[in-house]
Each structure stands twice: as structure tokens, then as C-alpha cells.
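Asks: Quick one: structure below, then a few questions.
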Amino acid sequence: MYEKIKQHIRDIKDFPKPGIVFKDITPALADGQCLQQIVDIFYNRFKGAKIDKIAVIESRGFLLGAPLAYKLGCGIVLLRKPGKLPSEKIKEYYNLEYGSAALEVHSDSIKTGERVLIIDDLLATGGTTEAACKLIKRLKGNIIAMAFLIELSELSGSSKLSSYGDVVSFLKY
Ligand code: AMP
């Protein structure tokens, strides 16, 4: 099953900057059976984990986190790029494999002690997800795990994140 999904992920060289090989998951999202398999892989891993909230990282994390939250019957918390969220929010800055950026979250989106699963499409250096973890911790959420469809193993992102909770990835490159 993982092989079929891998066949629907393509490498785009030098995007968005020279030297970066971008893992493009849009062919996997465009194939109905493949998309179902991806969501089911996440679901089977977390169905017993009593997750209260899935924190989804903009923007490809939204696409995987939303159907997963529906299946798990839990809520969604949006971790968004600056300037997108309308209400009171907090912010964390981070470095990306190709630049620097920040994430914001609504201050009232997680209650103290809620069990949170962070979802994104891909783990590279781990900077994005570390910012996500810092936001969740500031809101006193209980980070159960961070889960990714893809991990770029040579960038060692999982070692940066392991102190925050379980790091789960399904396709390693
Ligand atoms: P990082 O913070 O370095 O772990 O980068 C992870 C974030 O950047 C995720 O939201 C990914 O979608 C995106 N990203 C980083 N590197 C790549 C890549 N080579 N291909 C696709 N997306 C990437």
C-alpha cells in the first residue's frame, strides 16, 4: 500500500528554491483511492489514542487533518501563517528548509490538558512542527504525537521533536 502512495508522490527539483527537491503530494491527493489510503493509515494509527484536537499546519496539513478529524470524531485547531486568523492569537517564529516563517493559533482553541495530535504532510528539519509544539504548549495542550505522511530522514527533524511527544511518519526518504 505504501508503495502505491509513493508512486503518487513526485519530486520537483529546485522548487521553491535551487537545491530543494520538493515532494509534491498533489498526485496522491488527486487519486481518490490513494487519498483514502493515506487518511486510513493515519486513522488506524491513532484511532485508539483518545485525541481531543488535531492541530493542522497550513496548508497541506489541513488536507490530511480534516478528514482524519472527521473519522476520529475530534476537533480541529488551525495553525496558520501570520495575518490569517481573525481573533486573539499567539505567534511563534521558526526557520524553514527554505527560509524563515511564523505560525499563529487562536488563544482559545485548546483547553488545558486536551490531548492534541499535530499533523503535517512532511517533516523536513522539524522547525515548523517545533513552532507548532511551542504554540500548543503555551496553550497548555497535551501533545500526544506529531504525525507526517513523509519524513526526509537525513534532515533529522524527528530528533528535534522527540522531546515534545511521539514522532510518527509513514513514508521515509
Ligand atoms: P521543516 O520545518 O523543515 O520540517 O519543513 C516542513 C514544512 O515545510 C512542511 O509544512 C512541508 O510541507 C514543507 N516542506 C519542507 N521541505 C519540503 C520538501 N522538500 N517538499 C515538500 N514540502 C516541504
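Asks: Using the number of other C-beta atoms within 10 angstrom as an exposure proxy, rank Thr26, Thr125, Thr112 with the fewest first.
Replies: If I rank by nearby Cβ atoms, fewest first, I get Thr112, Thr26, Thr125.
Asks: Same structure, new question: Expressed as a whole number of Å, what is the distance separating the alpha-carbon centroids of the stretch 1-27 and the stretch 101-162?
Replies: Here the two parts' Cα centres lie 22 Å apart.
Asks: Follow-up question, since we're still on this one. Could you give the length gained on full extension between Asp108 and Tyr43, defined as 0.36 nm per residue of separation minus the Cα-Cα distance, in nm?
Replies: 20.8 nm
Asks: Quick one: which residues, 5 or more positions from Ile76 or on another chain, have an amide H under 5 Å from its amide H? H modelled 1.01 Å from N in the peptide plane, none for Pro or chain starts.
Replies: Counting only residues 5 or more places away or on other chains, the set is Ile54.
Asks: Still on this structure, I have one more. Hey, got a sec? Which trypsin sites (Lys or Arg not before Pro) in the stretch 1-59 land in a DSSP loop and have at most 16 other Cβ atoms within 10 Å?
Replies: Within the stretch 1-59, the qualifying trypsin sites (Lys or Arg not before Pro) (loop, at most 16 other Cβ atoms within 10 Å) are Lys47, Lys50.
Asks: Hey, another quick one. Mind computing the radius of gyration and Dmax over the alpha-carbon atoms of the stretch 66-109? Å is fine for both.
Replies: In order Rg, Dmax, the Cα atoms of the stretch 66-109 give 12.8, 35 Å.
Asks: Also, quick follow-up: For the stretch 54-64, take each phi angle, set θ = phi - 60°, evaluate the Karplus expression 6.51 cos²θ - 1.76 cosθ + 1.60, and give the result in whole Hz per residue in order, putting x for glycine and proline.
Replies: Those phi angles translate into 9, 9, 10, 8, 4, 10, 6, x, 4, 5, 8 Hz.
Asks: What is the calculated FRET efficiency for Lys172 to Glu58, with r their C-beta to C-beta distance and R₀ = 25 Å, to the nearest 0.05?
Replies: 0.60
Asks: Name the lysines eligible as straight-distance cross-link partners of Lys137: C-alpha to C-alpha under 28 Å, and not fewer than 8 places from it in the same chain.
Replies: Hits, sequence-local ones excluded: Lys47, Lys50, Lys53, Lys71, Lys81, Lys84, Lys89, Lys91, Lys111, Lys160, Lys172.
Asks: Using amide H atoms built 1.01 Å from N in the peptide plane, name the residues 5+ places from Ile143, or on other chains, whose amide H lies under 5 Å from its own.
Replies: The list, which skips near neighbours in sequence, is Val116.
Asks: Follow-up question, since we're still on this one. Length gain on complete extension for the stretch Lys91 to Arg115, per 0.36 nm per residue less the alpha carbon to alpha carbon distance?
Replies: Fully extending the segment from Lys91 to Arg115 adds 6.6 nm.
Every read-out reported here was derived from the displayed coordinates using simple, explicitly stated rules and does not represent laboratory data. What you are looking at is a predicted structure, and each value in this text was computed from that prediction instead of being measured. Here Cβ is always computed from backbone atoms with ideal geometry, including for glycine, and neighbour counts include all displayed protein chains.
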